[in-house]
Number of protein chains: 2
Amino acid sequence: MTYETKLACPIQRTMAMIADKWKVVVIYTLGQRTMRFGELQRALEGITPKVLTRQLRDLEGDGLVSRRVHAEIPPRVEYSLTTLGRELLPILDELHAWATRNSVALISRREEQKTERTPAA
Amino acid sequence: MTYETKLACPIQRTMAMIADKWKVVVIYTLGQRTMRFGELQRALEGITPKVLTRQLRDLEGDGLVSRRVHAEIPPRVEYSLTTLGRELLPILDELHAWATRNSVALISRREEQKTERTPAA
């Protein structure tokens, strides 16, 4: 199986869509409500407009986010989750619950590994 | 909230752990059974030893995979999922189901976007 074949696997396609840490947060934030670009940027403190634009384009391209332009002056552009994107929310909630439930174990394990680390075979 | 603060968010930490497309497949494959490095590499056709070594070290560092060295000549090294890693399997299954259920919609949407794409605001 080549790398290209693997990309055809649904789970890998999905990870490619949401893998970026910012993307998960964009999906989460738009899960609250429809937002304009500026609102979204303020909600995601630390994200640059360039990075946010790229994330939104990717998410839009994958059908997880929809972009609606209202014919006003100046034009109002709003972003929201599509039905597809909305269906990811409960799964992300479970990942969040897993991480929260295991955060102590995750941190202590990482500390152990730092001291125990031996070369991989 | 700074980027560092965001990294402290459990869901972002989790995504950082499993975001790589190979990692998901490594977790899936080790979900079947304990494997030696060579078996795992053969199961994941297309992965280079260097990439697989890095993925396994990361997953081990995050406590999702355990590495066991058996004192034989030559030493036998086996990788398996930890309890923590095993708990991710049902969540990855749901992501897989979401992607499979929506694969037609995902592909057609992507095609639409390719033709409709307008500059982001």
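Just so it is clear, none of the values below were taken in a lab; they were calculated from the coordinates. Treat the numbers as computed from the prediction; the structure is a model and nothing was measured. Using ideal geometry, Cβ is built from the backbone for each residue, glycine included, and neighbour counts are taken over all protein chains shown.
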*Residue selected from the stretch A:46-98 under the condition more than 9 Å from chain B (Cβ to nearest Cβ) and among the small types (Gly, Ala, Ser), by the criterion surrounded by the most Cβ atoms within 10 Å (Cβ to Cβ)*: A:85
_Among residues of the stretch B:31-45, those that are in a helix (DSSP H, G or I) and more than 10 Å from every other protein chain (Cβ to nearest Cβ), counted_ = 6
